[in-house]
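Here's the structure, in structure tokens; my notes come after.
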Amino acid sequence: MTWYNNLPVVKGRYQPNALLSQHTWFQVGGPAELLFRPHSTQDLAVFLQSKPADIPVTIIGAGSNVLVRDVGISGVVIRLGRDFADVFIDGPSVIIGAAALDRTVALTCADAGLSGLEFLVGVPGTIGGAVKMNAGCYNQEVKDVLRWVEVMDHQGSVTRLSNAELGFSYRHSALSADQIVIRACFDLQTENTTVIHQRLTQLLAEREKSQPIRGRTGGSTFKNPPGQKAWILIDQAGGRGAKIGDAQVSEKHCNFLLNLGAAQAKDLESLGEQIRQRVLETSGVLLEWEIIRLG
Ligand SMILES: Cc1cc2nc3c(=O)[nH]c(=O)nc-3n(C[C@H](O)[C@H](O)[C@H](O)COP(=O)(O)OP(=O)(O)OC[C@H]3O[C@@H](n4cnc5c(N)ncnc54)[C@H](O)[C@@H]3O)c2cc1C
């Protein structure tokens, strides 16, 4: 008898021993002891209130910024599904469910003639992940447009937090591991739809040119150190194209790691650590992981 045989009845889905490689961009990593996909906010609250208190909870979004280790993740992994993906346009504000995909959000806002979230069009995550990571690119980030966020804690209580309470900095929010983003509100500006769509097309083209966006990757591996670019430091350290097994530093953008097919999480993590060491030796800078390693 394992702990998950006594869980509350929910409308969502429990999946023991669920392969997380099917839920992450790197397509590596061991299983979740239990994957839970809640049906609604209420369902999530019931689950959190009734699960054994000592069982760890991990939330993932689209898995585009995580590296799940080969041992997998013990306890429960929560993944919000389409019931958490509504986009509600309310004048120049928009309220978006945490599971909405960034690209869908950018396109929906553009269709509604609302500007401000275009930068998300090429970020392959969800709004929950974007808030947690303060996702950004092309000199814009979530903190520039977010008004508030609603989070559920591990007791099932929902709290609304303002932008100022989120402690945003570069690829960081002060949200703790037990705060699950449920939905977020953004303040946007009205603009001509065609002009916004042109901007989206341009942003996607720029990204296609410079990043291996069709590969099995986790996006930027390391944060840019203040005033410097991680990819330049990696290039100067001779890291471009470096490999361990099927894990490779992208030739196209050397702050991206790639799973060429049969890499394991340990290959990707070892390669990342090797690159950090090389950069430290050549430039004296210790790179900080941007990718969240789980398990
Ligand atoms: C090809 C590619 C390009 C990328 N380009 C960019 C870029 O330009 N800019 C950028 O900032 N990032 C980029 N990324 C990284 C990634 O897409 C972003 O960090 C994204 O915001 C992560 O969202 P996610 O839903 O995939 O989160 P995940 O990767 O699943 O999780 C990331 C973190 O967020 C937490 N999290 C996820 N959902 C929730 C939630 N509902 N509540 C609380 N915490 C949550 C997780 O616990 C984890 O700590 C890129 C990644 C790839 C693969």
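The values are calculated or read from the model by the stated rules, or taken from the named source; none is laboratory data. None of these values were measured; they are calculated from a predicted model. In this analysis, Cβ positions are derived from the backbone assuming ideal geometry, glycine residues included, and neighbour counts consider all displayed protein chains. Areas reflect the complete protein model, heavy atoms only, side chains present, ligands, DNA and RNA absent. Shrake-Rupley method; radii C 1.70, N 1.55, O 1.52, S 1.80 Å.
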### Task
Evaluate region 84-101: report whether one residue or more is open to solvent by 50 Å² or more (accessible area, probe 1.4 Å) and within 11 Å of the ligand (Cβ to nearest atom).
yes
### Task
Inspect all residues belonging to region 155-170 and state whether any of them is of a type outside the set (Val, Ile, Thr), at pLDDT 95 or above, out of contact with any strand residue (DSSP E or B) (no Cβ under 6 Å at 6 or more places or on another chain) and assigned to a strand (DSSP E or B).
yes
### Task
Could you tell me which of the residues Gly61, Gly72 is of a type outside the set (Lys, Arg) and farther than 21 Å from Ala98 by Cα?
Gly72
### Message
Looking at region 255-275, can you tell me whether even one residue there is over 30 Å from Gly72 (Cβ atoms) and either out of contact with any Cys (no Cβ under 7 Å at 6 or more places or on another chain) or not polar (S, T, N, Q) (or both)?
### Response
no
### Query
How many residues are crowded, with 20+ Cβ neighbours inside 10 Å and within 15 Å of the chain's Cα centre (by Cα) when one looks only at region 26-35?
1
### Summary
Within region 11-68, the residues that are modelled with pLDDT under 95 and under 19 Å from Glu269 (Cα atoms) are none
### Message
Any residue in region 158-187 that is on the phi < 0 side of the Ramachandran plot sitting within a Cβ distance under 6 Å of a residue that is modelled with pLDDT under 95 and away from the ligand (no atom under 11 Å from the Cβ)? List the pairs, counting only those 6 or more apart or interchain.
### Response
Asp178/His154
### Query
Taking the stated definitions as given, is Gln49 more than 11 Å from the ligand (Cβ to nearest atom) and touching a residue at least 60 places away in the same chain (Cβ under 8 Å)?
yes
### Query
Take the residues of region 211-236 that are assigned to a helix (DSSP H, G or I) and open to solvent by less than 50 Å² (accessible area, probe 1.4 Å): which is nearest to the ligand (Cβ to nearest atom)?
Ala230
### Message
Suppose we keep only residues that are of a type in the set (Val, Ile, Thr) and touching an Asp or Glu at 6+ places or on another chain (Cβ under 9 Å) within region 1-45. Which one would you say is farthest from Phe84 (Cα to Cα)?
### Response
Thr2
### Query
What number of residues within region 144-156 are touching a Gly at 6+ places or on another chain (Cβ under 8 Å) and within 12 Å of the ligand (Cβ to nearest atom)?
0
### Message
It is to be established whether one or more residues within region 157-165 are more than 25 Å from Gly227 (Cα to Cα), within 11 Å of the ligand (Cβ to nearest atom) and not assigned by TED's automatic domain parsing to the domain that holds Phe47.
### Response
no
### Task
Read through the list (1) open to solvent by less than 20 Å² (accessible area, probe 1.4 Å); (2) over 30 Å from Arg240 (Cβ atoms); (3) out of contact with any Lys or Arg (no Cβ under 7 Å at 6 or more places or on another chain), then give the number of the only condition that Leu175 fails.
(3)
### Task
Restrict the check to region 187-201 and report whether at least one residue is in a loop (DSSP other than H, G, I, E, B) and open to solvent by 20 Å² or more (accessible area, probe 1.4 Å).
yes
